[in-house]
Amino acid sequence: MTRKAAQYVLRIDDLCPTVAAGRWAQWRALLAEFALRPILAVVPDNRDPELQASPPDADFWAQMRALEAAGSAIALHGYRHLCASRGRSLVALHRNSEFAGVAEQTQRAWIAEGLAILRGHGLHPKLWVAPRHGFDAATLRALREEGIVLVSDGFARRPFLRDGVTWIPQQIWGPVEKESGLWTLCVHPATATDGEMEALRRFLGRHAGEFVSVEGALAGFPPTRLRLAERLQAEGALRRLRLAHALRPVRRRLRRCSSSSV
């Protein structure tokens, strides 16, 4: 397979009418500054208290329509963003999820209703983004029946085909220079710090021309099934990330112990 220079997709998660208003305004300005066409992962019926950072914005849905018209891709980001299930996900990164392990009939109803809400606001969702990477084979069956055959997830280095859908991998949460492959950088407006935004702005100053839309990503990296070596690489990346997550509480305790002993 021909080695291609690195390209990037920006994905913005946890979007809903109660997204942190000031921070979201900063992100919209960044998108305009660098003419970015990101994946916008929208929660259709948010019930997660952590995402209720501001009063509902009456202009939110108009903003989404304008960004979609400018080339952004709308993604269905779960249903209510309530991760109460402990089913095993196809991307086994977190223990709790909204969809993995939930009865298939319920998942079908949630997906149908979520899509109806987004479409009712004049949007045209084309991707699936699972809260906490949590989804299973039943989720994919329900998505395919609704005509959603693109998933933003996985840890390969290029788009690939699996289980009847096309996966556009999402592997990084901050700006990292790569030599080849397609890399989706995921950000969360509610929790991104000023320092993280400035780091991304500096990165975009050097690499904005390498950021592509969903259509550009698929054109530049036509999806096929992963080869064995690619599957092993993706599985290894997932294992390393799981280990890093597991060690976070230990590192926090060590930092607290170190600071208290000074």
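What follows draws every value from the coordinates through simple rules; no lab data is involved. Everything quoted here is computed from the prediction, not taken from an experiment. Don't worry about glycine lacking a Cβ; one is built from the backbone with ideal geometry, like all the others, and counts go over all protein chains shown.
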Open item on the list: Net charge around ARG95, counting only other residues with Cβ within less than 13 Å of its Cβ (Lys, Arg = +1; Asp, Glu = -1)?
Closed with: +3
Open item on the list: Based only on Cα atoms, what mean projected area does the convex hull of the stretch 7-226 have, in nm²?
Closed with: 11.0 nm²
- [ ] In nm, give the distance between the simple-model label positions of GLU104 and ARG119, each being 7 Å from the Cα along the Cα-to-Cβ direction.
- [x] 2.2 nm
Open item on the list: Limiting things to C-alpha atoms, what are the Rg and the maximum Cα-Cα separation (Dmax) for the stretch 63-135, in angstroms?
Closed with: 13.2, 38
Task: Cα gyration tensor category, rounded, prolate or oblate, for the stretch 132-193 with a/c compared to 1.5 - done: oblate
Task: When the convex hull of its Cα atoms is projected in every direction, mean area for the stretch 1-138 (nm²) - done: 9.8 nm²
Task: Size of electric dipole in the chain: Cβ of Lys, Arg +1 and of Asp, Glu -1, about Cα centre, debye, nearest 20 - done: 1180 debye
Task: Helix-only mean residue ellipticity at 222 nm for the chain, each DSSP H run of n ≥ 4 adding -39500 (n - 2.57), per residue, nearest 500 - done: -13000 deg cm²/dmol
